[in-house]
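The values are calculated or read from the model by the stated rules, or taken from the named source; none is laboratory data. What you see is a predicted model, and the numbers here were worked out from it, not measured in a lab. We place every Cβ from the backbone using ideal geometry, glycine too, and count neighbours over all the protein chains shown. Note: areas computed on protein heavy atoms with side chains; ligands, DNA, RNA excluded. Shrake-Rupley method; radii C 1.70, N 1.55, O 1.52, S 1.80 Å.
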Amino acid sequence: SEYTGLFRDATDSTWKLFDGLEVEPGNTVNVGGSGYTFADFKAGDIEATGQLTAVGPLSLGNLRMDADQTLTTTATTEVAVDTFPLLSYRSAKYHLQATQGTNYHATEVMVIHNATNAYFSQFGDIYTNGSLFNLSVDTSSGSVRLLVTPSSSDSTVFKFSRNILKV
């Protein structure tokens, strides 16, 4: 059996919709319990008088926004930072940031595909001590991939957010 519900968490004063909890909750919900996950939520109009924050993916109509994602690598070969299914999404815009020690590199990237080939435009590059990576894109196994080739074998941390549009 799995339990689902809505409760107000006294530890952070927020409402939480959950799913998959394997042990029936009593007066409290065990957020660390086996199977506990946040449940999906679908609504008509939503109005927020404060800040609307996405901790994970946020979908609005044909637009999907993904909050910060992270990849750490010591490779000097091409590494896939992100992928998305080409049958579902046509284009994406990335804000990509790399950190290598005290060196930083940030850029924006637009990606589009025609179901066979992927194309990209990189713009707004800024860095503190030289470029930390080179970019490319391709299609592979039904996905579009954003690829980076780090400039050294030092540990490089890539963080990104993306906005992605449906086909």
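Structure notes:
- Count of the range 8-29 residues, restricted to those that are assigned to a loop (DSSP other than H, G, I, E, B), surrounded by 14 or more Cβ atoms within 10 Å (Cβ to Cβ) and not β-branched (Val, Ile, Thr), is 1.
- Among the residues examined, Thr139 does not qualify as modelled with pLDDT of 95 or more, under 20 Å from the mean Cα position of the chain (by Cα), under 25 Å from Thr74 (Cβ atoms) and open to solvent by 30 Å² or more (accessible area, probe 1.4 Å).
- Residue in the range 85-100 that is over 21 Å from the mean Cα position of the chain (by Cα), modelled with pLDDT of 90 or more and surrounded by 14 or more Cβ atoms within 10 Å (Cβ to Cβ) present: no
- Of all residues assigned to the range 110-132, none qualifies as being under 15 Å from Val79 (Cβ atoms) and in contact with a Phe, Trp or Tyr (Cβ under 7 Å, 6 or more places away or on another chain).
- Selection of the range 131-147 for residues being more than 17 Å from Ser91 (Cβ to Cβ) and either outside any strand (DSSP E or B) or of a type outside the set (S, T, N, Q) (or both) yields Ser131, Leu132, Phe133, Ser141.
- Verdict on Thr77 being loosely packed, with under 12 Cβ neighbours inside 10 Å, in a loop (DSSP other than H, G, I, E, B) and either at pLDDT 75 or above or in contact with a strand residue (DSSP E or B) (Cβ under 6 Å, 6 or more places away or on another chain) (or both): yes
- Of everything in the range 30-40 that is in a loop (DSSP other than H, G, I, E, B) and among the polar types (S, T, N, Q), the residue that is least open to solvent (accessible area, probe 1.4 Å) is Ser34.
- Entry remark, the range 148-167: residues being over 18 Å from His95 (Cβ atoms), surrounded by 13 or more Cβ atoms within 10 Å (Cβ to Cβ) and β-branched (Val, Ile, Thr) number 1 in total.
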